[in-house]
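Everything on this sheet refers to the single structure shown next.
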There are 2 protein chains.
Amino acid sequence: MSEFDADTRVEPAGDGVYDATVTDRWNALGGGANGGYLLTLCVQALARELAPPDPLAISAFFLRPGEPGPAQLRTEIARSGRRVATGEARLIQQEREIVRAVASFSDLAAADGPTDVRNAPPDLPPPEECLDLTAGGSLPGVTITDRFDYRLPQLPGWVQGAPTGEPHSEFWIRFKDGRAADTIALPGIVDAAAPVLLELGHASITVELTVHVRGRPAPGWLACRVFTRHLIDGFHEEDFEIWDGAGRLVVQSRQLGLVPGA
Amino acid sequence: MSEFDADTRVEPAGDGVYDATVTDRWNALGGGANGGYLLTLCVQALARELAPPDPLAISAFFLRPGEPGPAQLRTEIARSGRRVATGEARLIQQEREIVRAVASFSDLAAADGPTDVRNAPPDLPPPEECLDLTAGGSLPGVTITDRFDYRLPQLPGWVQGAPTGEPHSEFWIRFKDGRAADTIALPGIVDAAAPVLLELGHASITVELTVHVRGRPAPGWLACRVFTRHLIDGFHEEDFEIWDGAGRLVVQSRQLGLVPGA
């Protein structure tokens, strides 16, 4: 079993409730469990409750930091439609709500409407010509960097203590253990990189994250584009796109964050 | 009292429940109540429940079409934090859930973090030099066009039966009766225009809408920019920005829609 599948496993406890364990293997910069990892636990529970196979639209509100330890997912179905089914999952730790997520699932393989794309994948050199973010060792305590491979044309400025002043980044990502990224994994991967706002010298706390899964990815490396265009009084959005090796957009996300202490 | 305030009024019925009336004065293209109008009823109920004054991040899932008639808003508080308070509202008609919305509120006037904007307002001629969308009469049945003034450099192609092929639009908007657009009104205004996908010849049904309110608008005309960049197998996002007369971004939204019948 892959690290992802082992660490996001949910066990039915009846009445739409699932037990899970938040491991310390997906910790983010700054400590604590990565938000995308916590969101994935919600997605895994909803995938058991909703009939269609693919998460389509997910919105998660991050209410409190999540910590390694036991967790419970409490789900509820809002509507099971023919094409789209919608439900809610609340991630609870020690009787405190950590994440509230609402998600619609659909069958992306059955979608057969028109296509018209006015954007292009990131223009990246092949992964083997890029730099390995953690070649010099993983970031201490940031265990999520042991779960993913990151390949970049150049190292981020903030990693070298010199933020570039450009809140824009493009890079490759994949699971380190070779697991293919499917539509269950994509909602977590859009949160698997450090905030691009670090290139302006600021950290970020996520208030809300919306993920729109747009296709089933081809196996292999995924090309990411992430940028922030509006930092206003400490609040900012982070937009994230992931394109698969076949050059198709497979997920698009936006999170609203705030600069801590601002 | 303004049309907006009269038609989005909610009356406390105890235990976090509010009664409201969905009027037929905000009907959208295709009939039925406009989604942004229904969302505003959720926002009005949550504004009574949550202490901070400004909606900050809102995600709404549209489960069924809303129709003119009585409605109930059932709210629940997820967390009341110092800077951010989060709650959920479900809009119910005839015991069926129409909209589920989760929202975080904050005090935008108290935000004092850094600002760095990498975008510019739409480059529009002044409203008085633009065309009035409904100068030739409002669109039959589309009563929401009686509630707003729209001013555009040129009329949309789809209105003239000739879609432009460019899913991008910029225009001015304001309430027709002169009400100022505050942060309570902005989440509805991002859904007050026809889908820009009509310029590709396709209609759209909203699955999910996320709104991030970024500032308190100055009174007067608001400049809108709306675009769709990824139509994939019938699913598409619509991005919407609104800038106030002082040139500040005041709200940003994205909705995931699907082409009906696709």
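The values are calculated or read from the model by the stated rules, or taken from the named source; none is laboratory data. Predicted model only: the values in this text are computed from it and were never measured. Quick reminder, even Gly has a Cβ in these numbers, built from the backbone with ideal geometry, and neighbours come from all protein chains shown. The protein model used for the area step is the full one, side chains on, heavy atoms only, and it has no ligands, DNA or RNA in it. Shrake-Rupley method; radii C 1.70, N 1.55, O 1.52, S 1.80 Å.
Taking every residue in B:102-111 and counting other chain Cβ atoms within 10 Å of its Cβ, the average works out to 3.
Note on A:VAL117/A:ALA218: beta-carbon distance plugged into 1/(1 + (r/R0)^6) with R0 of 22 Å gives a FRET efficiency of 0.90.
Could you work out the relative contact order of chain A? I mean the mean sequence separation of Cα pairs under 8 Å and 6+ apart, divided by the number of residues, in percent. Please report the intermediate quantities before stating the final value.
Numbers: 624 pairs, mean separation 46.9, N = 262.
Computed over chain A, the figure is 18 percent.
Which whole number gives the average count of other chain Cβ atoms within 10 Å of the Cβ atoms across peptide A:225-235?
Rounded to a whole number, the mean comes out at 6.
Residues whose amide H comes within less than 5 Å of that of A:TYR150, counting only those at least five positions distant or on another chain, are A:LEU133, A:THR134 (H built at 1.01 Å from N in the peptide plane). Extending 7 Å from the Cα toward the beta-carbon at both B:GLU129 and A:ARG9 defines two label points whose distance is 6.7 nm.
Distance between the modelled labels on A:ASP182 and A:ASP19, one decimal in nanometres: 2.5 nm (7 Å Cα→Cβ projection).
So for the stretch B:14-157, Kirkwood radius off the Cα pairs, Stokes-Einstein at 25 °C and 0.890 mPa s: how many µm² s⁻¹?
Values: Rh = 17.5 Å.
Estimated diffusion coefficient is 140 µm²/s.
Label sites at A:GLU67 and A:GLU166, each approximated as a point 7 angstrom past Cα along Cα to Cβ, lie 4.1 nm apart. Around A:ARG118, with a cut-off of 12 angstrom between Cβ atoms, what is the net charge of the other residues, counting Lys and Arg +1 and Asp and Glu -1? Taking every Cβ under 12 Å from that of A:ARG118, the sum is -4. For the stretch A:127-142 and the stretch B:135-196, what is the centre-to-centre distance using only Cα atoms, to the nearest Å? Computed from Cα coordinates, the inter-centre distance equals 49 Å.
A prolate overall shape is assigned to the stretch A:102-219, the ratio a/c of its alpha-carbon gyration tensor axes (a ≥ b ≥ c) being 1.5 or greater and a/b exceeding b/c.
Each part gets one Cα centre, and for the stretch B:213-262 versus the stretch B:65-126 those centres are 15 Å apart. Legend: mean number of C-beta atoms from other chains within 10 angstrom of residue C-beta atoms, peptide A:49-58, equals 2.
Report the Stokes-Einstein translational diffusion coefficient (µm² s⁻¹, integer) for the stretch A:136-204, Rh taken as the Kirkwood radius over Cα pairs, at 20 °C with viscosity 1.002 mPa s. Value of D from the Cα-based Kirkwood radius: 163 µm²/s. A simple rule links phi to the HN-Hα coupling: the Karplus curve 6.51 cos²θ - 1.76 cosθ + 1.60 with θ = phi - 60°, which for the stretch A:112-124 gives 9, x, x, 10, 7, 10, 10, 6, 9, x, x, 8, 9 Hz, with x for Gly and Pro.
Of all the accessible heavy-atom surface of chain B, with the other protein chains kept in place and a 1.4 Å probe, what percent is carbon and sulfur? All intermediate terms of the calculation are to be shown ahead of the outcome.
Values: 4800 of 9750 Å².
Carbon and sulfur together cover 49 percent of it.
For the protein assembly as shown, the equivalent ellipsoid derived from the alpha-carbon gyration tensor has semi-axes of 35, 26, 23 Å in decreasing order.
Before rounding to the nearest 500, sum -39500 (n - 2.57) across all DSSP H runs of length at least 4 in chain B and divide by the residue total; then give [θ] at 222 nm in deg cm²/dmol. When only DSSP H runs of four or more count, the value is -2500 deg cm²/dmol.
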